[in-house]
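See below for the structure under consideration.
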Protein chains: 2
Amino acid sequence: MTNTNPARGMRDFLPSDIRKREYVIGIIKEVYESYGFEPLETPAVENIETLTGKYGEEGNQLIYKILKRGEKLDANAGEKDLADLALRYDLTVPLARVVTNHRNDLPRFFKRYQIQPVWRADRPARGRFREFYQCDVDAIGSSSMIVEAELCAAGNEILSGLGFDDFVIRINHREILYAMLDAVEINEEKQTDALVALDKLDKIGSEGVLKEFETRGIDKNAANKLLGLFDELKTSDNLHALESLSKFIGNHEKGKQGVNQILQILQLVNVNSLKIDASLARGLSYYTGAIFEANVPDLAGSIASGGRYDGLIGMFGKEQIPACGFSLGLERILVVMEERGMFQKLVEEGKLKLDSADVMIASFDESLVDECLKIAGDLRKSGLRTLVYPEADQKIKPLKYAEQINVPFVCLVKATELAENKLTLKNMRTGEQETVGTDEVAGKIKK
Amino acid sequence: MTNTNPARGMRDFLPSDIRKREYVIGIIKEVYESYGFEPLETPAVENIETLTGKYGEEGNQLIYKILKRGEKLDANAGEKDLADLALRYDLTVPLARVVTNHRNDLPRFFKRYQIQPVWRADRPARGRFREFYQCDVDAIGSSSMIVEAELCAAGNEILSGLGFDDFVIRINHREILYAMLDAVEINEEKQTDALVALDKLDKIGSEGVLKEFETRGIDKNAANKLLGLFDELKTSDNLHALESLSKFIGNHEKGKQGVNQILQILQLVNVNSLKIDASLARGLSYYTGAIFEANVPDLAGSIASGGRYDGLIGMFGKEQIPACGFSLGLERILVVMEERGMFQKLVEEGKLKLDSADVMIASFDESLVDECLKIAGDLRKSGLRTLVYPEADQKIKPLKYAEQINVPFVCLVKATELAENKLTLKNMRTGEQETVGTDEVAGKIKK
């Protein structure tokens, strides 16, 4: 028997999967469009040199590489010479490429969203796939805090719009982090280590962080001071937290700028979900300013994250281009929504349809097929998704079939009734059926 | 300087490209959904053995193969051992795989549409890309002519809905073709050759077909008889054409069934675009029944095509599954619509928006940024896509920028006006500007 599974770590999406995904993507697009972000799409396949060296040693190993074709292929060559193309690994490098390539066609302030799959040859695990969608939004070309503010506001609007009411968008700033480390006299070569340890606070607790500091040879006293500060901030509102941070970092020039920027963002974004978290570090070293991360209680990781990264978008060109982005964890959002029964609720509220059609037309009389198609045409014109039962031989009875595929209504077309412009409408949920005029059917179903 | 072009034969889609593509895809989806077709998506990457051997020798060469990773890779192996995965080459083989793999989860009559990119290592040319979208709709599991009828009706509705008013959907039947060849005594081993030649009638004319028959050693008399029939049919309406065909093929059992099926389809589909064309052969050998092809005058190839192919979907399983499909040439449709200025017309009619936003908010006063964001929030709530000009330092003047990015309206926020809840609204198309109440802005713009 042939293997008919999808490739390892990849998924087929059946109709109801797609309908859920499209619902979520629809809300995301709608909000981003309303903020003036524009859609961008790049090819799944990139020249291999566009990708190599951009994701670190580990990332490099996870890039899918495409075999050269025909003459170009020398099977005795090393891996490096075997492949000339590779599959998209993220949406940031392609954005940087496009921004450089189209610098004359794109506006100076380019606000783009991009929702496309990426591929990583990672070890598959629960919730980790080798093909998965990324959903990135980035504003290129401006250093203004308006950008950060709008990204947080849009992120907040999307998560609320999807029905989340318990998420927190935590916010911090790279320069505040460095200033805090300076304040407790952790010297520069130990700062990255310290950030890695602090970033785990949520997972490993204060004890764990202290242990990590010790193993990495960083002063435990410094850790204690930082953990004390974090503890104090936990119960503060945002403005008091900023005050405490200001005091803690003292006259640190860049740190003060960081505090100032966070203050600006808070003043511009009027949402309750935004919360300063001085322990938030975000692993990716390319962030240069504000950083954010959205979390819900029932998921260990984040459902969205982002920040300012002024050094990256210019990687293919000569100039440095300021940029700030926000990435929604589409696959994780879908998992949490599924686990919480949020899709079911959307179906009940009539906001999401998972069934294949609104109504099915069937007749036991083969000579009425023509009439069935005409009725179907009318129902479609009135906006109803209409199936016509396609078998004249009736191996499976249409009502049984309608039950199987979960169609809410069936129209049974009979010659005697049709002579009076009527048909039998059966409500499959209640089992009730009634004889109705062909011109009343659409109205009855919609009700 | 780094190469920042997309890979050869592939394209970046900038915002206005995407908006056009999404408009077309939106109409396609809407129509298919209304007919009860359901969305399906499969991974871009398939196990290599799923694809090899399915597309003939030539197709096999065009499949992108993905290099094995890590330990699995033995660089001294042949091409066969170097790759374990491959990029999707079409949407039919993945459908066949899914239908077999999910035979217990899918309805017996499965109507699916699938709109996803495929990849072929073909030589790039004008209008031929290495990454391009296919747009397939297939009805699996029924032999009823209702299926053919609905596919033709839906195809007609989509092309009309997109604004085409001069397309023809030509229809023919594999069994009628074979019956005609039998009627003029072309024996079986020459029939494929004859069909290849006849299929080119449009391109090479009668003379060309006669020449091809001669080169391939087929009786020229037979060709003359067929060409005579085609000539006669050209001016006949569909019913007369069927009559002539019936007479021509005589008592040919399978041919008569073909004629009967076409008659049924014609009776069920009530559209003017459907036209019998007895010379239509469609190259792909897997068709088993009715075949169709949609054309517009200004494009050499077809913009859509399809037919019944009862032998293919069961390729991975044991049972034969009847199937009929229709494939829209999305990339070609986009090219023709662009060349005909159809998108421009849609923009003028207000059905398609290509600009980045409906309105941009700007202020020359940095202290009013907060107010600008509030006004933006209100405009978004009223459904307007709203940009906020992000630069406080104003290196580029906002009005000049608005002109560059082609935003139709700009709101200028000034302290003096804002004190009276007013702002300046500038219509960038006409150059007019007026002072309006902040609560009137949305209404004015929408008008």
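The values are calculated or read from the model by the stated rules, or taken from the named source; none is laboratory data. Given the structure is predicted, the values throughout are model-derived calculations rather than measurements. All Cβ positions, even for glycine, are placed from backbone atoms using ideal geometry, and neighbour counts span all protein chains on display. Surface areas here come from the heavy atoms of the whole protein model, side chains and all, with no ligands, DNA or RNA. Shrake-Rupley method; radii C 1.70, N 1.55, O 1.52, S 1.80 Å.
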Count of residues meeting criterion [under 15 Å from B:Ile445 (Cβ atoms) and more than 39 Å from the chain's Cα centre (by Cα)] in the range B:376-412: 2
Matching option when the condition is free of Cβ contacts under 8 Å to residues at least 12 places away in the same chain and not aliphatic (A, V, I, L, M), among B:Arg385, B:Arg380: B:Arg380
Members of the range B:125-150 that are in contact with a Gly (Cβ under 6 Å, 6 or more places away or on another chain) and either open to solvent by 40 Å² or more (accessible area, probe 1.4 Å) or over 30 Å from B:Met10 (Cβ atoms) (or both): B:Phe129
Subset tally (residues that are out of contact with any Asp or Glu (no Cβ under 8 Å at 6 or more places or on another chain) and part of a loop (DSSP other than H, G, I, E, B)) for the range A:319-334: 2
Out of A:Glu207, A:Glu185, sole residue that is without any contact (Cβ under 8 Å) to a residue 12 or more places away in the chain and either farther than 25 Å from A:Ala294 by Cβ or outside any helix (DSSP H, G or I) (or both): A:Glu207
In the range B:391-428, the residues that are open to solvent by 50 Å² or more (accessible area, probe 1.4 Å) and either modelled with pLDDT of 95 or more or farther than 23 Å from A:Phe110 by Cβ (or both): B:Lys414, B:Ala415, B:Thr416, B:Ala419, B:Glu420, B:Asn421, B:Lys422
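One line per residue, one yes/no per condition, for (1) closer than 26 Å to A:Ile18 by Cβ; (2) of a type in the set (Val, Ile, Thr); (3) not assigned by TED's automatic domain parsing to the domain that holds A:Arg19:
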site: A:Leu354; (1), (2), (3): yes, no, yes
site: A:Ser367; (1), (2), (3): no, no, yes
site: A:Cys372; (1), (2), (3): no, no, yes
site: A:Ile375; (1), (2), (3): no, yes, yes
site: A:Val410; (1), (2), (3): yes, yes, yes
site: A:Lys414; (1), (2), (3): no, no, yes
Flag for A:Ile63 being closer than 26 Å to B:Ile18 by Cα and open to solvent by less than 30 Å² (accessible area, probe 1.4 Å): no
Scan of the range A:135-182 for residues that are farther than 23 Å from A:Gln116 by Cα, part of a helix (DSSP H, G or I) and more than 14 Å from chain B (Cβ to nearest Cβ), ordered by number: A:Arg174, A:Glu175, A:Ile176, A:Leu177, A:Tyr178, A:Ala179, A:Met180, A:Leu181, A:Asp182
Top-ranked residue in the range A:32-55 [being surrounded by fewer than 23 Cβ atoms within 10 Å (Cβ to Cβ) and more than 8 Å from chain B (Cβ to nearest Cβ); ranked as farthest from A:Ile303 (Cα to Cα)]: A:Ile48
Meets criteria (over 30 Å from B:Asp105 (Cβ atoms), part of a helix (DSSP H, G or I), in contact with a helix residue (DSSP H, G or I) (Cβ under 8 Å, 6 or more places away or on another chain) and more than 7 Å from every other protein chain (Cβ to nearest Cβ)) for A:Val24: no
Some residue of the range B:68-75 being in contact (Cβ under 8 Å) with a residue 60 or more places away in the chain, at the interface with another protein chain (Cβ under 7 Å from one of its Cβ atoms) and closer than 28 Å to A:Asp84 by Cβ: no
Matching residues, the range A:357-366, being open to solvent by 70 Å² or more (accessible area, probe 1.4 Å) and away from chain B (no Cβ under 11 Å): A:Phe364
Residues of the range B:97-130 classified as under 25 Å from B:Gly36 (Cβ atoms), more than 10 Å from chain A (Cβ to nearest Cβ) and not in a strand (DSSP E or B), total: 1
Residue within the range A:308-324 that is under 11 Å from the mean Cα position of the chain (by Cα) and modelled with pLDDT of 95 or more present: no
Residue in the range A:335-356 that is farthest from B:Ser143 (Cα to Cα), counting only those that are touching an Asp or Glu at 6+ places or on another chain (Cβ under 8 Å) and open to solvent by 20 Å² or more (accessible area, probe 1.4 Å): A:Arg340
